[in-house]
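Derivation of every value follows stated rules applied to the coordinates shown; laboratory data play no part. Predicted model, so just to flag it, every value in this text is computed and none were measured. Note: ideal-geometry Cβ built from the backbone for every residue, glycine included; neighbour counts use all protein chains shown.
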Amino acid sequence: MDFRLSPEEEAFRQEVRDWLGDNLPKDWQQDRFSREQSPETLNIYRTFARKLAEKKWVAPQWPVEYGGLGLSVIQQLIFNEEMAHAQAPVGYSIIGVGWVGPTLIVYGTEEQKQQHLSAITNAEMMWCQGFSEPGAGSDLASLQTKAVRDGDDYVINGQKIWTSGAHLADWCILIARTDPEAPKHKGISYFLVDMKTPGITVRPLIDMMNNHGFNEMFFEDVRIPRKNLLGEENRGWYMAATTLDFERSSIGGAVGGRRMLEELVTYARETKRNGKYLSEETTVRNRLADAALDVELGRLLSYRVASMQQRGMVPNYESSIAKLFNTDMQLRMARAGMEIMGLYGQLEPPSKHSPLRGKFERQYLWQTGMSVGGGTPEIQKNIIAMRGLGMPRP
Amino acid sequence: MDLGLDEQQELLKNFARDFLEKECPESLVREMEEDEKGYSPDLWKKMADQGWMGLIIPEEYGGTGMNLCELAVLLEEFGRALVPGPYISTVVLGATPIMEAGSDEQKQYMLPKIASGETIMTLALTEPSAKWDADGVQLEAKKSGSDYVLNGVKLFVPDAHVTDRMIVAARTSSGKNPEDGVTLFFVDSKADGISYEVLKTIAADKQCEVTFKDVKIPADWVLGEVDKGWPIVEKVKKVATVAACAYLVGLAQMDFDVTLNYAKERVQFGRPIGSFQAIQHKLADAVIDVDGSRFITYKAAWSLQEGEPDADLMVSMAKAWTSDASRRVVAHGQQIHGGIGFTKEYKIQLYFRRQKWMELMWGDADYHRELVAQKLEV
């Protein structure tokens, strides 16, 4: 039981923090500009990613031979913590670093690795992820997009949805059905698709914040060369579950919550209503105390995952818990903020009356969406119960 | 950074679990609910032989010189087994203030006796006002020649009726600040003028109403300095709060384990009820509550042990969280067990009742939430 970082780890934290101080202009912080993924915001993401690339910090957790620094799990945790706390715009490389690279490292051919890994670590390519479909959300394995072998090509037909950044991305990881006769998990293959391939149409899917981040993607007789199949045919489902030994504690969520809390406490301390500071109201104090508990618990549940990995253990339900808790926590935080702000909470930026530049109004909407993406809380709980607690299948 | 147990802690945990499964079965827990003393002297002696009474007492005073993290590990096992008796009263409420503020003579005299299991102690702090703060201490101590004379009532005093000695917080002066003027006295529990009434409580633990009527205490039987006892109480409260959290963690874990097992075995509609998502999601929520409680408790124990600057905040966070979270866990436990959980015969109710007790001890969630707000400088 030791909650302290080593002097080397503290020094690394300071290094990251100092670098961010020098390289992250305030108006590049993620809550300073809209969640709209436009060519202007892409420019911020890309420029920042290229600065990271100079430090080999795009994917510092990757092994050195693949363009990373081979950081320890605790260093990865620190790195991710500092990036999240500074609200650094790391969006450019999220899919590439989190999904494409790890899968390629394990399953990719030498040629595929050569072609793509350094393009990711040098921030030259932006990736998107073609997984979900209109009829395949929580039940992803029921996906219907088809890939049919035709000579040296595969021909792809179907539709994907919720594809973040598809309108800006250069490449896409796509899972599609190659064997319609096989049981649903066993007929899926994993492809690397150049977004410039003819037959791909991208249509914006505007979210309730009025932003363009998501897209629908339509594939109409899209021909991709066979060499862009990743790993074995029909093994795609299992490859999609590849996570490698990288830190997966959801620390970013924990830190996002902490950041909101800090701003909320300051707001309550400095804002007067009816001649009294908000922080003098019992209900406000209780809400903030609960929020602080939430943040601390989220952090500890994340640290627990990293701590297990550091010991060489493979987290099971523990990482699901960290993700679930930190997602819920940020939503609770956004709600608490809105409740504390009262009438003012509803004001959108850039109204001059909008508290904290409208951050909580934005977060209130954003976190509602985030609570659904990447596995709903209900699905997470199913996983915790069945995989973690060994409960019988429904 | 390592949130797991080290080798010594792992050994302690495993040993304690095996020992308590054998020596503190459910039958003993039930027997002690009805027992006037509320503990088994036989088990007490066996625990003392393991060095547990002296766990956090330095070796020079006959203890094993471990620290708060190890105490938390051990108390987690106590919560799991629902060990009845005055362990926390003696080791935390008795020994901690002496280690914190005792003269060397007092330490030499008292600590080895605690460590050996010979002396049972408690702290008489709360009164009918039921407050944990300094202004709750109103029991009067008046100087009279070479003695102090104590008059008043202490309420909710754990295990007082079986103690050999008590540390009694009394008011020796009143001023503007209630934290000034509290003095801690060593009191012989058998002294003339002290009477005990064991309270019937939800957990059938043994809390007492202790009445002091003209109880004479020699003026040098003071712990620390006259009028300056409150900071010592503050320190003891923090350790006691962590102890309560650790007990709750073990209690909640066991309630959860029993309930999970039941959900896998109980068949309705032709299938185990654990195959229904309504049950699965309750248990997924519960495992988050149990694990979260454990790590915030460890963090509090470690922060207090290491003297971290935010230790007070962590202690209050731990109790605020664990009080509520453990209640959610045992409530799910009752619900998932259905009717059988409500019977006296089945064991899950033992956990449900004791959870409420420890939830209330040393400040419930509301009390500590306000302390959290203060420490955040809201």
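Annotations for the structure displayed:
- Filtered trypsin sites (Lys or Arg not before Pro), the range A:306-385: DSSP coil and at most 15 other beta carbons within 10 Å: A:ARG311, A:LYS352
- Shielding score for A:303-314, defined as the mean number of other chain Cβ atoms within 10 Å: 3
- Distance between modelled label sites at A:LYS56 and B:ASP104, nm, 7 Å Cα→Cβ extension: 5.8 nm
- Burial ordering of A:THR283, A:THR178, fewest other beta-carbon atoms within 10 Å first: A:THR283, A:THR178
- Most tightly packed first, judged by the mean number of other beta-carbon atoms within 10 Å of their residues, the peptides A:180-190, B:353-363 read B:353-363, A:180-190.
- Estimated from the Cβ-Cβ distance and a Förster radius of 51 angstrom, the FRET efficiency linking B:THR201 and A:ASP139 is about 0.50.
- Chymotrypsin sites (Phe, Trp or Tyr not before Pro) within the range B:211-301, DSSP loop, no more than 12 other Cβ atoms inside 10 Å: B:PHE269
- Two-site FRET efficiency, A:VAL372 against A:ASP170, from Cβ-Cβ distance with R₀ of 30 Å, rounded to 0.05: 0.65
- With each label modelled as a point 7 angstrom along the Cα→C-beta vector, the A:GLU111-B:GLU345 pair spans 7.3 nm.
- Of B:ALA278, B:LEU313, B:ALA301, farthest towards positive along the dipole that unit charges on Lys, Arg, Asp, Glu beta carbons give the range B:222-318: B:ALA278
- The protein assembly as shown - mean residue ellipticity at 222 nm from DSSP helices (-39,500 (n - 2.57) per run, n ≥ 4, rounded to 500): -15000 deg cm²/dmol
- Full extension of the segment from A:GLU124 to A:ILE206, taken as 0.36 nm per residue of separation minus the current Cα-Cα distance, would add 26.9 nm.
- Computed from Cα atoms, the angle from the helix A:39-54 axis to the main principal axis of chain A rounds to 90 degrees.
- In the range B:58-142, the GluC sites (Glu not before Pro) that fall in loop regions by DSSP, at most 16 other Cβ within 10 Å: B:GLU118
- When only the Cβ of Lys, Arg, Asp and Glu is charged (+1, +1, -1, -1), the dipole of the range A:141-203 relative to its Cα centre reaches about 300 debye.
- Gain on full stretching of the segment that runs from B:ASP35 to B:LYS235 - 0.36 nm per residue minus C-alpha separation: 68.8 nm
- Normalised by residue count, the range B:126-271 yields a Cα convex hull volume of 134 Å³ per residue.
- If you take all other residues with their beta carbon under 12 Å from the beta carbon of B:ALA203, and give Lys and Arg +1 and Asp and Glu -1, the sum is +2.
- Distance cut-off 18 Å, percentage of C-alpha pairs in the range B:225-269 lying past it: 57 percent
- Lys, Arg +1 and Asp, Glu -1 on Cβ, resulting dipole of the range A:39-117 about Cα centre, debye, nearest 20: 140 debye
- Label-to-label distance, nm, for residues given as B:ASP192 and B:TRP221 (7 Å Cα→Cβ offset): 1.3 nm
- Cα-based helix-to-principal-axis angle, A:282-310 vs chain A, degrees rounded to 10: 40 degrees
- Working from Cα pairs under 8 Å separated by at least six residues, relative contact order for chain B is 15 percent.
- Under the Debye formula (equal points on every Cα, no solvent term), log10 I(q)/I(0) of the range B:39-175 at q = 0.13, 0.16, 0.21 Å⁻¹: -0.61, -0.88, -1.28
- Whole-number percent relative contact order across chain A, with pairs defined as alpha carbons under 8 Å at least 6 apart: 13 percent
- Across the alpha-carbon set of the range B:56-125, the Rg to Rh ratio works out to 0.97, Rh being the Kirkwood radius.
- For chain A, modelled as a GNM whose springs connect Cα atoms under 10 angstrom apart, the maximal fluctuation among A:GLY369, A:GLY21, A:GLY98 occurs at A:GLY21.
- When every Cα-Cα distance of the range B:140-189 is counted in 5 angstrom steps from zero, the calculated P(r) takes the values 5, 18, 26, 25, 16, 9, 2, 0 percent.
- For chain A, the Rg and Dmax computed from alpha carbons only, in angstrom: 21.8, 77
- Here the Debye sum runs over all C-alpha atoms of the range A:265-394 as equal scatterers in vacuum, and log10 of I(q)/I(0) at q = 0.10, 0.18, 0.20 Å⁻¹ comes out as -0.44, -1.00, -1.12.
- Its Cα gyration tensor gives the protein assembly as shown an equivalent ellipsoid. The semi-axes, each the square root of 5 times an eigenvalue, are 56, 29, 23 Å from largest down.
- For the range A:60-135, the Stokes-Einstein estimate of translational diffusion at 10 °C and a viscosity of 1.306 mPa s comes to 118 µm²/s, using the Kirkwood hydrodynamic radius over alpha-carbon pairs.
- Report note on the peptides A:154-165, A:50-61: ranked by the mean count of other C-beta atoms within 10 Å, highest first, their order is A:154-165, A:50-61.
- 10 °C / 1.306 mPa s Stokes-Einstein diffusion coefficient of chain B, Kirkwood radius on C-alpha pairs, µm²/s: 74 µm²/s
- Electrostatic tally near A:ILE78: other residues with Cβ closer than 10 Å to its Cβ, Lys and Arg +1, Asp and Glu -1, net -4.
- The range B:129-175, relative contact order [Cα under 8 Å, separation at least 6], %: 40 percent
- With a Förster radius of 22 Å applied to the C-beta separation of B:LYS131 and B:GLU377, the computed FRET efficiency comes to 0.40.
- Residue list for the range A:310-352, given a label point 7 angstrom along the Cα-to-Cβ vector of A:LYS276 and an amide N cut-off under 17 Å: A:340-343
- Debye-sum result for the range A:133-243 in log10 I(q)/I(0), which assumes one identical scatterer on each alpha carbon, at q = 0.17 Å⁻¹: -0.79
- Rg and Dmax of the range A:245-326, both derived from C-alpha coordinates alone, stand at 16.4, 56 Å.
- Computed over the range A:190-306, Cα set: Rg, Dmax in Å: 23.5, 71
- A simple charge model with +1 on the Cβ of Lys and Arg, -1 on the Cβ of Asp and Glu and nothing else charged puts the dipole of chain B at about 1100 debye relative to its Cα centre.
- Whole-number Å³ per residue for the convex hull built on Cα positions in the range A:1-135: 158 Å³
- For B:283-294, mean number of other protein chain Cβ atoms within 10 Å: 6
- With the gyration tensor restricted to C-alpha atoms of the range B:284-331, the semi-axes of the equivalent ellipsoid amount to 23, 9, 6 Å, longest first.
- Selection from B:SER40, B:ILE88, B:GLN106 lying farthest towards where the dipole of the range B:1-109 points positive, charges on Cβ: B:SER40
- Dipole of chain B, positive end: most advanced residue of B:GLY181, B:PHE352, B:ASN151 [Cβ charges, Cα centre]: B:PHE352
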